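The values are calculated or read from the model by the stated rules, or taken from the named source; none is laboratory data. From a predicted model like this one, the values you see are computed outputs, not experimental measurements. All Cβ positions, glycine included, derive from the backbone under ideal geometry; neighbour counts span all protein chains shown. Just so you know, the surface numbers come from the protein's heavy atoms only, side chains and all, with ligands and any DNA or RNA stripped out. Shrake-Rupley method; radii C 1.70, N 1.55, O 1.52, S 1.80 Å.
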Amino acid sequence: MHFIITALKSEAKPIIDFYGLEFSGLSNFPLYKNNNITLIVTGVGRKNVSNVLNLFFQKNKVIKNHIINIGISGGRKDDCSIGQLFLINKVSDEKSKLSFSLGPQQSFGLQNNEITTVSKPVVNNNFKGKGLVDMEAYEICTAINNLDGLDRLFILKIVSDNMDMKNHISTNQVRSLIKQKIPVIDKFINDLRKLKN
């Protein structure tokens with residue numbers, strides 16, 4: 001079983017469609033399943049991620065299972081392009097300045113990057129750190145670290161903006177970005193499956 005975590009329903013939708021995941025009405029938050037994958041939609045931000053994951057993992061054992069966070073992120077124009085996918089190897093918290101290392105991992109043929117979790121969207125290009133930004137990765141690492149599962153956590157981030165947005169990214173834009181990377185995501189999941197076997 002692979003556990004996939006997304007913050008947004010629009011991030012989840014292309015994955016749900018591709019794998020034929022079915023809605024499970026057995027929880028207090030959106031949950032989709034088939035025989036091989038369980039997908040959890042947490043909602044945006046630290047508090048939602050913490051509440052949903054702690055509740056889910058109290059009821060579900062994830063021993064030896066891979067956990068994959070898939071979502072969008074901001075990135076600098078000079079460092080990356082819109083639609084580029086990265087496998088994250090370091091997650092920092094803007095607030096506490098603490099960080100988690102997710103390496104050494106196999107790269108699975110994917111480019112590595114680091115990410116910083118921020119409390120508010122960066123829209124004026126005023127991010128001083130390195131790599132990408134999002135609003136959930138550090139909280140996901142914290143929840144998974146509490147389960148001693150950090151060595152089984154993988155974070156895939158797709159660049160959605162250059163941190164200079166005048167308008168929010170639409171639901172359709174998010175879906176499109178994830179959908180374009182479904183072949184890469186599927187190959188990654190299959191490679192993880194082979195690794196486990």
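Observations
- The one condition in (1) in a loop (DSSP other than H, G, I, E, B); (2) in contact (Cβ under 8 Å) with a residue 24 or more places away in the chain that CYS141 fails to fulfil: (1)
- Whichever residue in region 118-158 is of a type in the set (Lys, Arg) and within 20 Å of ILE185 (Cα to Cα) and, among such residues, is surrounded by the fewest Cβ atoms within 10 Å (Cβ to Cβ): ARG152
- Residue in region 91-101 that is closer than 16 Å to LYS157 by Cβ, open to solvent by 50 Å² or more (accessible area, probe 1.4 Å) and aliphatic (A, V, I, L, M) present: no
- Qualifying residues in region 8-43 (those that are open to solvent by 10 Å² or more (accessible area, probe 1.4 Å) and among the small types (Gly, Ala, Ser)) - the one nearest to SER160 (Cα to Cα): SER10
- For region 34-49, a residue qualifies if it is touching a strand residue (DSSP E or B) at 6+ places or on another chain (Cβ under 6 Å) and not hydroxyl-bearing (Ser, Thr, Tyr), and the qualifying residues are ILE37, LEU39, ILE40, VAL41.
- If you go through region 103-138 and keep only what is without any contact (Cβ under 8 Å) to a residue 60 or more places away in the chain, under 24 Å from ASN48 (Cα atoms), of a type in the set (D, E, K, R) and part of a loop (DSSP other than H, G, I, E, B), you end up with just LYS120.
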